[in-house]
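Working notes, beginning with the structure itself.
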Amino acid sequence: MSVKKWLGLIGALTVIPAYANAAELAVQMPVNHNATSAKDVMYFKNATSKTITLMNHSDKTIYPVLIGANSMPIYDRHDPANQAYRAYVGYNENGKHFLGLKPKSIVTIPVPQAFWDSGRMQLFDTSPIPFHNSNTFTYDVNASRYAISTGFTDSEGTSLHGTDGVVMLYHAPTAQAIGLDAPSQLIEFTYRDPSLAGPGVPASETHNLINYDVSYVDHMYLPVAMEALAPTGETQVGYIGTGISVDKMQNTISEFALNTGNVLGDYFHGSGWPRFYIPADITSNVKIPGAFNLFALDGPTSTYDSEKMLIMGDGSMDQANKLTSLWFSWVNYYQTKVNKAAPVIAGQSQVALTQLDIPNDQQQKAAEFSKVVYNVVDNFRQAFPEASPSKLVENIVGFYLPEGKTTTESRTLLTMQVKSLLRGVPDYTKDPNEKDWYPSPADKDSAKYNLDPYVWFAHIELGMTGYGFSIDDDTADVGVNGANRLYVAIGGLGGLPNPAPYERK
């Protein structure tokens, strides 16, 4: 993964007195630039056929931004491909347009077709159009912009306040991603509709649906629950993600990052999980990387200044080295305790191994577990013969295995095996009881089976059904046929059609 230093220009914004919490100031939208209508910014003819209802249950303004590049223009043949398309969510108050979704409020927005295929939304807890830095938020003051009214959204029986919504459509010629260290949470979705399919769209892509997920693969910051509205007469599936409050999630993330209360035990020799460096004047909240980025971002600098992007605890332990050591310690266990004829894997001599103390009642499990670890590492070494041991583990955890890479085992088998290992078992398909999955990193007897504490943290400590790792689809990826409306709740579950968690079939 490459991390770019994003460039862009920012413009001055108007700030008016606080309207909610004493510390918050309303940020006025910099609207209508180089455009006299919505169509001057992006194709908008069928936008109102698909919607997202956003609900902010927190006590702080949340700033939702739709982001897309039209990189695979299956549905949008009208807008140029691989350019920057955004939609900044806001509200109208006393005739003025402001950014964000106020505390305890609800808004429904249309979804233009530029965002239908592999759409993304970033949920910020600070203004995504900042006064001073654009490397992180990549806002271009010269982009075409036009604000549209979305009308008043009723609270629909919730305790939320209805909002007179506004969306600022944005189009710039160069596609730019938001910095990974931005104070935001990523969610993802895809819309399909055969009645609006353009020429040349494959038949397999023209069934009407919404596919969606809360992605905690790259990072974790805010609690989000998502749910698509099922058609009349169909069973309404539950939500994915989490319905806990922002404060509870932030407190729990902080404990994980600082190892407060010994939540990680001695897994990292008393240190916690790395966290992103974000200046205190941006936010006091904590954002943490997923395990893939724990490796990939150990080196790149912050998009704010010259600091490193990740803060590695107290500096006494390199967490990426710890995970690499544990993976290869299981490789060594297999070679020395289970199958002494197993070939040495190139590069393993570079890794400082740890002694795995296996109780008598775990000998069989340890043998089976070590065999799977050995097989996965050996096959990824075949695919990446020149990779360092830590890069190898990075690719395994992120399941970075491009098509065409040569391995002895099939991609399907390796997918199942990596899923099993990240759940702490030799074969999750033969051990479907989830109470046996996700061993605690703080438990001395089970910590050795925890090859990625971030997965345990997401699914056990936070109890969420979002993505904990890149191929966690069984838990986190949902598609609802015939759906046209998506619900997104931040910091609570009120307003969702079904306030029960999604159950994997």
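GluC sites (Glu not before Pro), restricted to the stretch 179-286: which are DSSP loop and have at most 14 other Cβ atoms within 10 Å? Could you put the intermediate results ahead of the total?
Numbers: sites: GLU188, GLU205, GLU227, GLU234, GLU255; in loops: GLU234.
The qualifying sites are GLU234.
Per-residue counts of other Cβ atoms within 10 Å, averaged by peptide: what ranking do you get for 351-357, 35-41, highest first? Each step should come with its number before you reach the end.
Values: 351-357: 13.9, 35-41: 16.1.
Packing proxy ranking, top to bottom: 35-41, 351-357.
Pairs of alpha-carbon atoms within less than 8 angstrom and 6+ residues apart define the contacts here; what relative contact order does the chain have, in percent?
On the way: 1138 pairs, mean separation 90.3, N = 505.
Across the chain, relative contact order equals 18 percent.
Calculate the length of the line joining the C-alpha centroid of the stretch 41-102 to that of the stretch 105-177, in whole Å.
4
Between VAL351, SER127, ALA69, whose Cα lies farthest towards the positive end of the dipole of the chain when Lys and Arg beta carbons carry +1 and Asp and Glu beta carbons carry -1, centred on the Cα centre?
My answer, from the dipole projection, is ALA69.
Only Lys, Arg, Asp and Glu count, each charged at its Cβ (+1, +1, -1, -1), so figure out the dipole size of the stretch 65-170 about its Cα centre, rounded to 20 debye.
Details: 7 positive and 9 negative charges, 34 e Å.
Roughly 160 debye for the stretch 65-170.
Could you pull out every residue, at least 5 positions away or on a different chain, whose amide H is within less than 5 Å of the one on ALA81? Hs are placed 1.01 Å off N in the peptide plane, and Pro or chain starts have none.
none
How far is helix 363-383 tilted off the main Cα axis of the chain, in degrees rounded to 10, range 0 to 90?
60
Give me the compactness ratio for the stretch 144-300, meaning the Cα radius of gyration over 2.2 N^0.38 Å. Let's see the in-between values first.
Values: Rg = 20.2 Å, N = 157, 2.2 N^0.38 = 15.0 Å.
Computed over Cα atoms of the stretch 144-300, the ratio equals 1.34.
Would you indicate which of (i) 23.5, 77; (ii) 27.6, 88; (iii) 25.8, 80 is the value of Rg and Dmax of the Cα atoms in Å derived from the coordinates of this structure?
Here Rg and Dmax of the Cα atoms in Å agrees with entry (i).
Which of SER271, VAL111, ASN360 sits closest to the plus end of the dipole of the chain, meaning its Cα is farthest towards the positive end, when Lys and Arg get +1 and Asp and Glu get -1 on the C-beta?
Checking the options against the dipole of the chain, the answer is VAL111.
Using +1 at the Cβ of each Lys and Arg and -1 at the Cβ of each Asp and Glu in the chain, identify which of THR475, PRO497, PHE44 lies farthest towards the dipole's positive end.
PHE44
So how strong a dipole does the chain carry about its Cα centre when Lys and Arg Cβ are +1 and Asp and Glu Cβ are -1, to the nearest 20 debye? Kindly include the intermediate steps, with their values, before the conclusion.
Values: 36 positive and 50 negative charges, 124 e Å.
Its charge dipole is roughly 600 debye.
Relative to the first principal axis of the alpha-carbon coordinates of the chain, what is the inclination of helix 411-422, with its axis defined by its Cα atoms, in degrees from 0 to 90 and to the nearest 10?
It is inclined by approximately 80 degrees.
Taking amide H atoms as placed 1.01 Å from N in the peptide plane, list the residues 5 or more away in sequence, or in a different chain, whose amide H sits under 5 Å from that of ILE311.
ARG275, PHE276, TYR277
What's the magnitude of the charge dipole for the stretch 32-122 around its Cα centre, counting Lys and Arg as +1 and Asp and Glu as -1 at the beta-carbon? Answer in Debye, nearest 20.
Numbers: 10 positive and 6 negative charges, 31 e Å.
Taking the Cα centre of the stretch 32-122 as origin, the dipole is about 140 debye.
Scan around THR174 for amide H atoms under 5 Å from its own, H built in the peptide plane at 1.01 Å from N, and keep only partners 5 or more places away or cross-chain.
Here the answer is ALA84, since their amide H atoms fall under 5 Å of that of THR174.
Once you place label points 7 Å from the Cα toward the Cβ at LEU25 and LEU209, how far apart are they in nm?
Placing both labels 7 Å beyond Cα along the Cβ direction yields 4.7 nm.
Taking the 0 to 90 degree range and rounding to the nearest ten, how far is the long axis of helix 319-333 tilted relative to the main principal axis of the chain, both from C-alpha atoms?
Computed tilt is about 40 degrees.
Remind me, relative contact order of the stretch 356-505 in percent, using alpha carbon pairs under 8 angstrom and six or more residues apart?
Working: 130 pairs, mean separation 23.4, N = 150.
After rounding, I find 16 percent.
So what's the gap between the Cα centers of the stretch 458-481 and the stretch 298-360, to the nearest angstrom?
So the two Cα centres are separated by 26 Å.
Classify the stretch 237-300 from the C-alpha gyration tensor, please: rounded if a/c falls under 1.5, else prolate or oblate depending on whether a/b exceeds b/c. List each step's numbers first, then the result.
Numbers: a/c = 1.41, a/b = 1.25, b/c = 1.12.
Verdict is rounded for the stretch 237-300.
Since every read-out is calculated from the coordinates, none of them should be taken as a lab result. Computed from a prediction, not measured in an experiment: that's the story for all the values here. With ideal geometry, Cβ positions are generated from the backbone for all residues, glycine too; neighbour counts draw on all protein chains shown.
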